[in-house]
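First the structure, in the form of structure tokens, and then the observations on it.
The values are calculated or read from the model by the stated rules, or taken from the named source; none is laboratory data. No experiment lies behind these values; they were computed from the predicted model shown. Glycine also receives a Cβ, built like all others from the backbone with ideal geometry; neighbour counts cover every protein chain displayed.
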Amino acid sequence: MSTYENLLFESEDGIGIVTINRPKALNALNAATIHELDRMFDELAQNDAVKTVIITGGGEKSFVAGADITEMQKMSAVEGRNWAKLAQAVFSKIENLPKPVIAAVNGYALGGGCEISMACDIRIASEKAKFGQPEVSLGIPPGFGGTQRLARLVGKGRAKELLFTGDMIDAAEAYRIGLVNKVTVPAELLNTAKAMAQKIMSRAPVAVQVCKAAVNEGLDVDLKTGIAYEAEVFGLCFATDDQKEGMTAFVEKRPPNFTGK
Ligand code: CO8
């Protein structure tokens, strides 16, 4: 992996951990960090040693406290639109990485921070995490996919309340409304995310990959098209060694040994 100024990367046992690390601005996403995330996720797509990715925030206090407000302060309308499009493309790259991506939300996940967590497949939050889309307090709507992904995750009514009020919610409330999958004590956050990554990696990799693609594709189309896509990827998996291994292992009453082929 190449070197980064605002991101840290470590990898162990097939899990790549990306830490967004700009402590002086509570890990706010400036343009440099967005460009680095773009490069990081290109590299992760190519890195066969990394099977699952965890994104977290550096320091105790914040996951990501939003887009960098100081950079946006003087933007023109055209610059604002281009900035939103750039970050949206990077978040779509994260969302469509053909490997699971888990957000380990350790603190503030506000604005662009909530949005990047929603581009991940699964969100695990520390009890200290706080979520919100406070953009309306700054005179803008969310621009990194928040109006779209929040409504898809928690439903139209709850999304509109969060978007219109700009209120921050704690991890328990985020769990209650379905924004996060799990809440842990702060000290166990990374271990919980790693344990989930390990469990996912013990399953048939191609099957997991097509589940991700089918959910992502399906949410953008009508049910008829979505289930037709599902039938295709379902059929495709019968061409894998892992389908044979998984079903043989079941019949032989032993654990499967998946190879990802
Ligand atoms: N951008 C830039 N700097 C930030 C940001 C940010 N989003 N958040 C925090 N910082 C900086 C602070 O300015 C401060 O810097 P300094 O020490 O130099 O004064 C440092 O981080 C520490 O922050 P605080 O002193 O404010 O820490 P507190 O513990 O008092 O408060 C909060 C923590 C509540 C998180 C507070 O910092 C805050 O409200 N931050 C802003 C949160 C926010 O509004 N985020 C949304 C940003 S907008 C956005 O994400 C939109 C994305 C789509 C845009 C599309 C555009 C076209």
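Observations on the model:
- Annotation note: of Ala213, Ala129, Ala125, Ala204, the sole residue that is over 20 Å from Leu29 (Cβ atoms), out of contact with any Cys (no Cβ under 8 Å at 6 or more places or on another chain) and small (Gly, Ala, Ser) is Ala213.
- The listed residue being among the acidic types (Asp, Glu), exposed (fewer than 15 other Cβ atoms within 10 Å of the Cβ) and modelled with pLDDT of 95 or more, out of Asp68, Asp42, Asp38: Asp42
- Members of the range 50-65 that are near the ligand (Cβ under 8 Å from one of its atoms) and buried (at least 20 other Cβ atoms within 10 Å of the Cβ): Ser62, Ala65
- Selection status of Asn47, within 14 Å of the ligand (Cβ to nearest atom) and not hydrophobic (A, V, I, L, M, F, W, C): no
- Odd one out for Ile17, checked against (1) surrounded by fewer than 19 Cβ atoms within 10 Å (Cβ to Cβ); (2) touching an Asp or Glu at 6+ places or on another chain (Cβ under 7 Å); (3) part of a strand (DSSP E or B): (1)
- Positions within the range 143-163 being within 15 Å of the ligand (Cβ to nearest atom) and either at negative phi or touching a Cys at 6+ places or on another chain (Cβ under 8 Å) (or both), in sequence order: Gly143, Phe144, Gly146, Thr147, Gln148, Arg149, Leu150, Leu162, Leu163
- Meeting the requirement of 3 or more residues that are of a type in the set (A, V, I, L, M, F, W, C) and within 16 Å of the chain's Cα centre (by Cα), the strands (runs of 3 or more DSSP E) wholly within the range 52-142 are 52-57, 101-105, 122-126.
- Lone qualifier among Ile140, Ile227 - being among the β-branched types (Val, Ile, Thr) and within 16 Å of the ligand (Cβ to nearest atom): Ile140
- Any hit, the range 130-143, residues being over 20 Å from Asp68 (Cα atoms) and among the aliphatic types (A, V, I, L, M): no
- Annotation note: Cβ proximity below 8 Å between a residue of the range 203-223 that is without any contact (Cβ under 8 Å) to a residue 40 or more places away in the chain and within 21 Å of Val50 (Cβ to Cβ) and a residue that is surrounded by 17 or more Cβ atoms within 10 Å (Cβ to Cβ) and among the β-branched types (Val, Ile, Thr) (sequence gap 6+ or interchain) occurs for Ala207/Thr240.
- Within the set Leu162, Leu190, Leu153, the sole residue that is of a type in the set (A, V, I, L, M, F, W, C), under 18 Å from Ile122 (Cβ atoms), without any contact (Cβ under 8 Å) to a residue 40 or more places away in the chain and in the same structural domain as Gly132 (by TED's automatic domain parsing) turns out to be Leu153.
- Condition met for Gly80 (touching a Leu at 6+ places or on another chain (Cβ under 9 Å), assigned by TED's automatic domain parsing to the domain that holds Ala109 and within 16 Å of the ligand (Cβ to nearest atom)): no
- Among residues of the range 58-69 that are in the same structural domain as Ser137 (by TED's automatic domain parsing) and on the phi > 0 side of the Ramachandran plot, those with a beta-carbon under 7 Å from a residue that is among the small types (Gly, Ala, Ser) and within 6 Å of the ligand (Cβ to nearest atom) at least six positions away or on a different chain give the pairs Gly66/Ala28; Gly66/Gly111; Gly66/Gly112.
Rundown of residues vs (1) without any contact (Cβ under 8 Å) to a residue 24 or more places away in the chain; (2) within 10 Å of the ligand (Cβ to nearest atom); (3) closer than 14 Å to Thr147 by Cα; (4) surrounded by fewer than 24 Cβ atoms within 10 Å (Cβ to Cβ), yes/no style:
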| site | (1), (2), (3), (4) |
| --- | --- |
| Gln88 | no, yes, yes, yes |
| Lys93 | no, no, no, yes |
| Pro98 | no, no, no, yes |
| Ala103 | no, no, no, no |
| Asn106 | no, no, no, no |
| Gly111 | no, yes, yes, no |
| Cys120 | no, no, no, yes |
| Glu127 | no, no, no, yes |
| Gln133 | no, yes, yes, no |
